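As structure tokens, the structure follows; a few thoughts come after it.
Derivation of every value follows stated rules applied to the coordinates shown; laboratory data play no part. Everything numeric here is computed off the predicted structure, so don't read it as measured data. So basically every Cβ, Gly included, is an ideal-geometry build from the backbone, and we count neighbours across all protein chains shown.
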Amino acid sequence: MTGPEAKHADGSRTCTYQNASGNVLIIGVNDRPSSKATLEQISAVMKAKSVSGVGDVAFEGPIGTISFVKGTTLCMIDAGISRWSDEKLLSLARTAASRL
């Protein structure tokens with residue numbers, strides 16, 4: 001994977017990684033105060049499933065995405081490909097949460 005290529009817009013910090021095949025991994029952290037309740041509302045609309053062991057609350061969305069809140073920080077990880085195993089994506093999310 002190449003990168004990370006940092007992109008900063010609208011109060012968020014985003015790093016994008018890309019491989020030679022063009023697959024992209026995006027990790028974004030929002031500096032604006034977020035809450036577990038906000039993420040729970042968003043996840044209900046998306047019909048995301050709850051996952052444990054990542055931040056204060058976490059949800060896995062369709063096709064390689066996990067969003068979690070730790071404290072007041074929202075982090076979204078988007079692998080964008082369905083080939084990733086749930087465990088690989090969860091491991092990446094746990095690592096990101098441990099660094100916040």
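So here's what we get for this one:
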read-out	value
Cleavage-rule hits (trypsin sites (Lys or Arg not before Pro)) in the stretch 19-55: DSSP loop, at most 15 neighbouring Cβ within 10 angstrom	Lys47
Long-range HN-HN contacts of Arg13 with modeled amide H, under 5 Å	Val29, Asn30, Asp31
Stretch gain in nm, segment Lys47-Ser21, where the contour uses 0.36 nm per residue and the Cα spacing is subtracted	6.4 nm
Amide proton proximity set for Val51, modelled H, under 5 Å, gap of 5+	Ala58, Phe59, Glu60
